[in-house]
Amino acid sequence: MTNKIVVIGAGESGVGAAVLAKKQGFEVLVSDAGTIKKEYEDVLTKYEIRYEAGGHSADEILKADIVVKSPGVPDSAPLVVELRGKGIPVISEIEFAGRYSQAKTICITGSNGKTTTTMLTYHLLKAAGLNVGLAGNVGHSLAWQVAEKDFDYYVIELSSFQLDGMVEFKADVAMLLNITPDHLDRYDYQLQNYVDSKFRIIQNQTSDDVFIYGVDDPIIQEELKKREIPAQCLPFGWGETFENGAGIKGEELIINLGKKSFNMSIFDIALQGKHNTYNSMAAGLAGMVLNIRNEKIRESLTDFKGVEHRLERFLKVHGIEFINDSKATNVNSTWYALESLNKPIVWIAGGVDKGNDYSALTELVRDKVKAIVCLGTDNSKIKEAFDGVVPDIIETQDMQDAVRSAYYLAKNGETVLLSPACASFDLFENYEDRGRQFKTAVRSL
């Protein structure tokens with residue numbers, strides 16, 4: 001048995017992995033190149049887990065039997081390359097946790113909509129009375145819950161980075177919502193590398209498992225032609241209904257699975273907009289797979305409250321509506337946001353560009369956006385993309401200035417939309433910090 005484990009990264013996933021490793025009898029070291037939040041330091045101290053911050057003790061780490069890596073640490077990091085060169089397994093916290101759990105897993109990925117779909121699926125399962133945990137990119141660390149809880153099911157949101165670190169882990173129910181170019185800076189700017197990463201969601205599945213996928217997505221359609229998938233495949237899409245799957249007929253959402261059928265009006269779904277109907281179809285299909293009664297599925301799709309920082313209609317100030325869509329860290333997420341709004345928009349955008357192609361937004365921006373407020377340390381690509389498309393483009397360097405500028409540009413009956421289309425790490429800790437600062441700035445108007 002492997003005995004010495006090193007966890008790289010002391011955030012939620014890393015500390016969770018360390019707690020599970022300690023409980024499983026490993027000798028554990030947690031190593032973080034930056035600072036460790038006090039709440040996590042306290043946990044490591046409580047469990048008597050060794051840790052270091054502000055750098056890595058490479059000599060000691062290279063003696064590990066196994067390394068659990070935070071998803072934020074790229075595979076190209078020199079220490080990770082050296083570990084793999086020595087044949088030391090480097091895995092994700094999700095992979096590690098899966099080795100010590102017998103619970104059923106419902107795993108969700110996609111370039112857009114995965115957090116909303118994950119939260120909606122969790123809401124549905126919990127409302128049905130199942131003993132269920134929420135993990136991955138939302139909720140608490142899966143490893144931490146495996147160490148301290150006893151759930152029968154986990155609903156897990158998985159990013160491409162988490163999927164990259166999975167080896168033996170298997171999703172009992174896998175959902176792939178869509179694929180659009182994202183995080184290409186982590187994938188050598190090769191779309192196929194990113195596509196392959198997303199398709200790891202079905203890795204290790206057998207004929208006993210289920211694969212739910214967005215049939216309208218052209219990249220998924222092309223990829224399915226190349227692959228033999230042993231799991232039961234359940235498509236969902238806008239234009240048709242399926243013998244086994246979910247679709248739209250007229251104004252009805254219809255789900256069929258074997259001899260079971262479910263339908264409801266799309267206007268009764270709590271989250272409106274075409275993209276949210278897709279999310280609801282995917283979650284409803286998962287509910288059917290898990291034999292949840294129709295009335296519970298309908299009730300959950302009707303009363304779900306949505307996700308913070310995702311098209312969150314936050315506040316109206318002098319008739320101007322402020323919408324927090326900080327979670328929109330790529331172009332396609334912002335496309336959905338712009339597409340769903342019908343009033344003139346002052347758009348706050350910018351941050352760390354991940355190889356974005358803004359051309360997909362040009363027509364929507366031309367039709368709906370009256371001004372752009374750039375918020376980032378380098379706004380050149382946004383300015384270049386929309387010069388001549390929008391009459392007013394201004395630059396700001398902090399959230400207070402961005403919100404104040406947008407407020408002055410908007411009029412009664414119009415919308416200020418924070419939907420950055422970029423990562424947040426130039427000016428903020430993460431997209432949550434960005435969204436919270438936006439709301440604080442709006443309150444202070």
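Read-outs: derived from the displayed coordinates by stated rules, not from any lab. All of these numbers come straight from a predicted model, not from anything done at the bench. Cβ sites come from the backbone with ideal geometry, for glycine too, and all protein chains shown count toward neighbours.
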To the nearest 0.05, how large is the calculated FRET efficiency for Asp367 and Glu39 if R₀ is 56 Å and r is the Cβ-Cβ distance?
0.80
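Which loop-located trypsin sites (Lys or Arg not before Pro) does the stretch 192-262 contain, where loop means any DSSP state but H, G, I, E or B and the Cβ has at most 11 other Cβ atoms within 10 Å?
Here the sparse-neighbourhood loop sites are Lys225, Lys226, Arg227, Lys259.
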If you split all Cα-Cα distances of the stretch 312-444 into 10 Å bins from zero, what percentages do you get per bin, shortest first?
14, 52, 32, 2
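By how many nm would the segment from Lys4 to Gln272 grow when fully extended, if each residue of separation counts as 0.36 nm and the alpha-carbon distance is taken off? List each step's numbers first, then the result.
On the way: separation 268, 0.36 × 268 = 96.48 nm, distance 4.97 nm.
So the chain would gain 91.5 nm between Lys4 and Gln272.
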What distance in nm separates the simple spin-label points at Arg50 and Asp196, each placed 7 Å from Cα in the Cβ direction?
3.7 nm
Place a +1 charge on the Cβ of each Lys and Arg in the chain and a -1 charge on the Cβ of each Asp and Glu, then give the dipole magnitude about the Cα centre in debye, rounded to the nearest 20.
860 debye
In terms of Cα to Cα distance under 19 Å, which aspartates and glutamates are near enough to Lys381, apart from those fewer than 8 places away along the same chain?
Asp182, Asp185, Asp353, Asp357, Glu363, Asp392, Glu395, Asp398, Asp426
Rounded to the nearest whole number, the per residue volume of the convex hull around the C-alpha atoms of the chain in Å³ is 150 Å³
Rounded to the nearest 0.05, FRET efficiency between Lys63 and Gln400 (Cβ-Cβ, R0 41 Å) equals 0.25
The answer for Leu315, listing residues at least 5 apart or on another chain whose modeled amide H is closer than 5 Å to its amide H, is Phe322
Most positive-pole-ward Cα, Gly87, Val7, Tyr40, against dipole of the stretch 4-88 from beta carbon charges:
Gly87
May I ask you to derive the FRET efficiency for Thr206 and Asp75 from their Cβ-Cβ distance with R0 = 25 Å, giving the value to the nearest 0.05?
0.35
Label-point separation in nm, Gln232 to Lys259, each point 7 Å along Cα→Cβ:
1.4 nm
Two pseudo-spin positions, 7 Å from Cα along C-beta at Lys23 and at Thr377, lie apart in nanometres by 3.9 nm
Which of the pairs Lys249/Lys316; Lys198/Lys296; Lys225/Lys368; Lys259/Lys296 have their Cα atoms more than 26 Å apart in this structure?
Lys249/Lys316; Lys198/Lys296; Lys225/Lys368
Return the aspartates and glutamates within reach of Lys104: Cα separation strictly under 18 angstrom, same-chain partners fewer than 8 residues apart disregarded; answer none if there are no such residues.
Glu93, Glu95, Glu148, Asp150, Asp152, Glu157, Glu168, Asp172, Asp208, Asp209
